[in-house]
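Report on the structure given below.
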Amino acid sequence: MLRLSAGRIERAIFPVGFYRTKARVILGVCRDLLERFGGRVPSTIDELLTLKGVGRKTANLVVTLGFGRPGICVDVHVHRISNRLGYVRSRTPEETETALRARLPRRYWIGYNDLLVAFGQNVCLPVSPRCSVCPVSPVCPRVGVTRSR
């Protein structure tokens, strides 16, 4: 990776948002992994969080998908929908992660993100969710929803 230019990485990851910034972060993480971890990816959230540009969501993703350990990846979709359903009451994704760790059975931790991201992109949208086609609409308290379709 370190032999690649930032421009080449940018072109490879172009479809993702903030691709220029992410290309620089990728190169920085690669350098850090070599210098501090002997080229091995750390297997704990705490160690991963010491890498510049790695936040809780990414650290949880690496731990769950890379090492098969329990973790909860909380992004904007997971945060919004968990609150909208009334399952947690939190103000930030970090608070949502803590609340979910306390409440959600471990066997659901890894798959929770995938389930809610797809649901949040297609049905439970941030503005004007599609409640008319939502399969959980009959039991959803719609916390914070002021307009829907």
Inset, instruction - Might you check whether a residue that is within 27 Å of S148 (Cβ to Cβ), without any contact (Cβ under 8 Å) to a residue 24 or more places away in the chain and touching a Pro at 6+ places or on another chain (Cβ under 9 Å) occurs anywhere in the range 77-92? - result: yes
Legend entry - Within the range 95-149, tally of residues that are free of Cβ contacts under 8 Å to residues at least 12 places away in the same chain and in contact with a helix residue (DSSP H, G or I) (Cβ under 6 Å, 6 or more places away or on another chain): 1
Legend entry - Some residue of the range 58-68 being touching a residue at least 24 places away in the same chain (Cβ under 8 Å), assigned to a loop (DSSP other than H, G, I, E, B) and surrounded by 14 or more Cβ atoms within 10 Å (Cβ to Cβ): no
Legend entry - Complete set of residues in the range 5-42 that are surrounded by 14 or more Cβ atoms within 10 Å (Cβ to Cβ) and assigned to a loop (DSSP other than H, G, I, E, B): I13, V41, P42
Legend entry - Residues of the range 75-104 that turn out to be part of a loop (DSSP other than H, G, I, E, B) and modelled with pLDDT of 95 or more, as a count: 9
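The values are calculated or read from the model by the stated rules, or taken from the named source; none is laboratory data. Keep in mind that what you see is a predicted model, and the values were worked out from it rather than measured. As a convention, Cβ positions derive from the backbone with ideal geometry for all residues, glycine included, and neighbour counts pool all protein chains shown.
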